[in-house]
Each structure stands twice: as C-alpha cells, then as structure tokens.
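Inspection log for the structure reproduced underneath, given as structure tokens.
The values are calculated or read from the model by the stated rules, or taken from the named source; none is laboratory data. The model shown is predicted, which means the values in this text are computed figures rather than measured ones. Positions of Cβ are backbone-derived with ideal geometry, glycine not excepted, and every protein chain shown enters the neighbour counts. The protein model used for the area step is the full one, side chains on, heavy atoms only, and it has no ligands, DNA or RNA in it. Shrake-Rupley method; radii C 1.70, N 1.55, O 1.52, S 1.80 Å.
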Amino acid sequence: MRAITAVPGKPEQLRIADIPEPGPEEGTVQVRGRLLGICGTDVDIVQDGYGWLPPGADRLVIGHESLGEVLDAPADSGLQPGDLVAGIVRRPDPVPCGPCSHGDWDFCANGAYTERGIKARNGFGSELWRIEPEFAIRLDPSLGDCGVLIEPASILAKAWEQTERIGARFPWQPGTVLVTGAGPIGLCAALMGVQRGLDVHVFDRSDTGPKLGLIHDLGATFHAGDVRDVGVAPDIVIETTGHGPLVAQLSEILAPNAIVCLTGIASSADATVVDTDAINRMMVLGNMVAFGSVNAARRHYEQAAEALSRADHDWLSRMITRRVGMGEYPDAVHKRPDDIKVVVDLRR
Ligand SMILES: [Zn+2]
Ligand SMILES: [Zn+2]
C-alpha cells in the first residue's frame with residue numbers, strides 16, 4: 001500500500017513509499033484512510049527533519065489529522081464496518097507517569113509518550129491504517145469529510161475545558177473572547193466561543209482570504225492591525241499564533257479576572273523589551289491567569305466531535321480550502337496565502 005513517509009532527523013526526505021499493510025499489532029480496528037489534514041508539525045517533519053523514527057524503522061509514516069472508514073473491527077469494540085472514525089494521536093508513556101495512568105496523556109509528566117505520525121509511531125498517512133478501539137473516535141456520519149477537523153478541534157476543546165475549569169475559581173460570567181490568529185486552530189476556537197454564546201472577536205495580522213467570510217458568517221468580529229486597538233477588553237483570550245510580541249501586547253487590553261490560554265508556538269526574530277514589573281502588577285491586581293495548553297485526552301476528542309457535529313457543516317467544509325492526492329503531498333506542504341486547511345485524499 002502507498003504511504004506518505006519522511007525521515008526524522010533528515011530534512012527534505014519526503015517520499016510516497018510502497019510499504020506492507022499494518023499488522024494487528026498496531027490495533028484490532030482496520031481502517032481505510034479517507035482524508036489526512038496537514039498542519040505546521042507536518043511541515044516541520046518534512047522540511048526540517050522534526051520527529052522520531054519508530055524503533056527499528058528507517059522511515060516514519062507521517063500524518064496525525066486522520067479520517068477513515070472502518071473496514072473491520074472486533075464485535076465488542078463498539079465500531080462497525082462503514083463507521084467514520086478519527087484516531088487519537090498520543091499514546092501514554094510505558095512507565096506510566098501519574099497523568100498517563102489516568103488517561104491524561106496530554107499532561108504526560110516524563111515526556112516518554114509516543115505520537116502517531118510524529119513520535120516513534122507510524123501515523124495515519126497511508127491507504128490503510130489500524131488503531132486500538134480505545135484510541136478510535138467514532139464520528140457523526142453526517143460530518144463526512146469535515147471529520148478530518150476533529151484532531152485540530154480536540155486541541156481547542158481542551159483549551160476551552162481548561163479555561164472554564166480555571167474560570168470556576170469564582171462565579172465567573174465571561175462575555176467577550178478574543179482569538180488571536182485566524183488559521184484552522186483560531187477558527188475552531190472562534191466556533192467554540194460562538195457555541196458558548198460569547199461575543200467573539202478574531203485578530204489576525206493578514207486581512208485577506210477566505211477566513212474573513214468564515215469569521216463574518218460565524219457572527220464574530222474580525223480585527224487586523226495592532227491588537228491593542230481592537231476596542232474590547234476580553235475576559236478570555238485564546239492565543240494561537242505563539243508570537244511573543246503579540247502575547248506581550250495582549251497584557252495591555254485584558255479585562256479584570258481575564259484568562260489567557262496560550263496554544264501556539266513560534267520563533268520570532270524580533271527581540272521585544274517587556275516591562276515585567278508592569279505585567280506582574282497587572283496580573284496580581286487583576287487576578288489574571290495565563291496558561292499553556294497542548295494536545296488532548298480522549299474526552300477532548302469526544303467534546304470536539306460533539307462541537308463539530310453541532311456546527312453548520314457547510315461552514316466547516318469551507319475551512320478545507322485545498323484537497324490534493326497523495327502524490328501531490330510535496331506541493332501541499334508549501335503554504336499558499338489562501339490556505340486554511342489543506343487535506344490529502346488518501347484514496348487518490
Ligand atoms: Zn496537527
Ligand atoms: Zn506520561
């Protein structure tokens with residue numbers, strides 16, 4: 001079968017390879033791959049050699065944003081042939097640490113977790129893949145191809161859950177959320193903010209492209225320019241850009257008791273001078289919380305599946321702006337200005 005492979009540690013080794021079909025040791029559920037989403041992590045693997053090889057392998061099957069149809073599953077798995085499924089990416093470390101032993105592998109404390117398509121386990125970028133039933137998420141069949149958005153949406157489901165858990169420290173009634181960055185992650189964050197009945201504002205440095213229509217049709221407000229000029233004092237910020245100077249500027253516009261959830265990572269060439277005493281004073285006197293959030297546990301995938309199921313599926317399908325065949329993967333990792341989510345059709 002064909003698979004999209006790369007070599008962690010060696011940049012620019014992308015190859016569509018013919019490899020043996022996965023055996024039952026990779027899971028008792030057999031899946032025919034339908035779509036595979038591409039994100040920044042995949043670009044890092046392909047272009048910079050990020051990632052870890054599976055033990056004994058010389059190539060890694062990449063891809064962690066999955067969607068497929070069940071071909072075969074054990075009777076007691078709760079899955080049936082034809083079901084639409086997505087795979088959970090992370091597996092608990094073998095020790096396991098405290099969080100992993102409770103299914104909270106997204107909080108793994110020793111870093112020895114593995115990840116499909118990234119860290120020491122083959123991903124979902126192949127015509128056929130297998131998965132353990134407990135790591136498969138069954139999707140609302142009406143989601144169709146939009147089911148490929150479950151993995152990125154799971155990251156935001158966790159971000160929102162954690163934000164709300166922190167917010168429960170007092171009888172909090174947030175009204176306004178600012179999402180910074182209008183990529184797929186930012187748009188999922190905005191969708192979930194609208195689903196919570198919040199006044200949603202989205203900031204992005206670029207003010208062109210299909211994201212503008214998507215934000216408008218969500219009933220959210222778009223802003224570009226300087227984030228300090230958005231004209232609202234957000235109770236919640238979901239930050240998706242990882243751009244340090246932007247994060248520092250956010251501290252100037254927050255409402256009292258604000259919660260800032262940081263979900264992005266980036267490296268910036270600009271060294272920014274920040275008044276750390278001023279930030280400290282503002283955080284203490286404003287009861288503010290800034291926290292980081294990464295990855296997702298099973299319940300976050302389930303929350304994401306529920307959120308996408310409730311969303312307007314036409315709106316979701318507009319997030320998928322480019323669809324390529326497996327052989328076009330090398331071109332697909334080069335981002336175009338109007339790309340939101342690029343997906344690979346694993347059937348062609
Ligand atoms: Zn991803
Ligand atoms: Zn762990």
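Within segment 85-105, if we keep just the residues that are in contact (Cβ under 8 Å) with a residue 40 or more places away in the chain and open to solvent by 10 Å² or more (accessible area, probe 1.4 Å), the residue that is nearest to ligand 1 (Cβ to nearest atom) turns out to be Arg90.
Go through segment 2-57 and tell me which strands (runs of 3 or more DSSP E), entirely inside it, have 3 or more residues that are closer than 17 Å to Arg130 by Cβ. Talk me through it step by step, then tell me what you get.
Numbers: elements: 2-6, 15-18, 29-38.
It comes to 2-6, 29-38.
Among Ile265, Ile340, Ile279, which is the only one that is free of Cβ contacts under 8 Å to residues at least 24 places away in the same chain and either out of contact with any Phe, Trp or Tyr (no Cβ under 6 Å at 6 or more places or on another chain) or closer than 22 Å to Ser154 by Cβ (or both)? Steps first, please.
Values: Ile340 fails: free of Cβ contacts under 8 Å to residues at least 24 places away in the same chain; Ile279 fails: free of Cβ contacts under 8 Å to residues at least 24 places away in the same chain.
Exactly one of Ile265, Ile340, Ile279 is free of Cβ contacts under 8 Å to residues at least 24 places away in the same chain and either out of contact with any Phe, Trp or Tyr (no Cβ under 6 Å at 6 or more places or on another chain) or closer than 22 Å to Ser154 by Cβ (or both), namely Ile265.
Selection of first residues in segment 311-322 that are over 13 Å from Gly213 (Cβ atoms) and of second residues that are polar (S, T, N, Q) and surrounded by fewer than 16 Cβ atoms within 10 Å (Cβ to Cβ), restricted to Cβ pairs under 7 Å at least 6 apart or on distinct chains, gives the following pairs, ordered by first then second residue: His313/Ser142. If you go through segment 124-138 and keep only what is part of a loop (DSSP other than H, G, I, E, B) and surrounded by 22 or more Cβ atoms within 10 Å (Cβ to Cβ), you end up with Phe124, Gly125.
It is to be established whether one or more residues within segment 82-102 are away from ligand 2 (no atom under 16 Å from the Cβ) and in a loop (DSSP other than H, G, I, E, B). It would help to see each step written out before you state the result.
Applying the first criterion (away from ligand 2 (no atom under 16 Å from the Cβ)) to segment 82-102 yields 82-87.
Checking which are in a loop (DSSP other than H, G, I, E, B) leaves us with 82-83.
Within segment 82-102, one or more residues are away from ligand 2 (no atom under 16 Å from the Cβ) and in a loop (DSSP other than H, G, I, E, B).
Being within 16 Å of ligand 1 (Cβ to nearest atom) and either buried (at least 21 other Cβ atoms within 10 Å of the Cβ) or assigned to a loop (DSSP other than H, G, I, E, B) (or both) holds for only one residue in Ala182, Ala112, Ala157, and it is Ala157.
Scoring Asp145 on the criteria (1) open to solvent by 20 Å² or more (accessible area, probe 1.4 Å); (2) assigned to a helix (DSSP H, G or I); (3) in contact (Cβ under 8 Å) with a residue 12 or more places away in the chain; (4) farther than 20 Å from Ile62 by Cα leaves a single failure, condition (4).
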